[in-house]
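Participant: There's a structure below that I have some questions on.
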Amino acid sequence: MANSAQARKRARQADKQRDHNASLRSTLRTAIKRVRKAIEAGDKTAAQGVFQQSVAVIDRIADKKIVHKNKASRHKSRLSAQIKAMAA
């Protein structure tokens, strides 16, 4: 447990920031799930629309360093490949 006033404040700040980051991470996961659901539905145009919205969310969260930029890029790449494969 924190003993000094400074350490107590930093502990409070860390808790608040952890909650905020968890919320953003949840938003990221939801965006990815929305694209996957659209892909499973089989409508390519709808999937592309949802994908474009999700790319904005993924990039925004990666810019805030909630997830690593390479992880964000990997998700975008794999989702894009799944959408492209729908035509085949």
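Read-outs throughout are calculated quantities, based only on the coordinates presented, and are distinct from any laboratory measurement. Here the structure is a predicted model, which is why all the values come from computation and not from measurement.
Participant: How much length is gained if the chain between D43 and K84 is pulled fully straight, taking 0.36 nm per residue apart and subtracting their Cα-Cα distance, in nm to one decimal?
Facilitator: On the way: separation 41, 0.36 × 41 = 14.76 nm, distance 1.17 nm.
The D43-K84 span can extend by a further 13.6 nm.
Participant: Follow-up. Suppose a student asked you for the relative contact order of region 5-85, using Cα pairs under 8 Å spaced at least 6 residues apart; what percent would you report?
Facilitator: Working: 44 pairs, mean separation 24.5, N = 81.
With pairs under 8 Å counted, the relative contact order is 30 percent.
Participant: Please report the Cα spread of region 1-49 along all three principal axes, rounded to whole Å, starting with the longest.
Facilitator: Rounded to whole Å, the extents work out to 58, 16, 6 Å.
Participant: Between S26 and D59, 0.36 nm times their residue separation minus their Cα-Cα distance comes to what? Present the calculation step by step, with values, prior to reporting the outcome.
Facilitator: On the way: separation 33, 0.36 × 33 = 11.88 nm, distance 1.43 nm.
Result: 10.5 nm gained on full extension.
Participant: Which helices count as membrane-span-like in the chain under these terms: full DSSP H, at least 18 Å along the axis by C-alpha, Kyte-Doolittle mean of 0.0 or more? All intermediate terms of the calculation are to be shown ahead of the outcome.
Facilitator: Numbers: long enough: 5-41 (54 Å, -1.27); 44-63 (28 Å, 0.19); 69-85 (24 Å, -1.38).
Helices meeting the span and hydropathy rule in the chain are 44-63.
Participant: Still on this structure, I have one more. At q = 0.14, 0.20, 0.25 Å⁻¹, what log₁₀ I(q)/I(0) does a Debye calculation on the Cα points of the chain give, no solvent, two decimals?
Facilitator: -0.56, -0.87, -1.14
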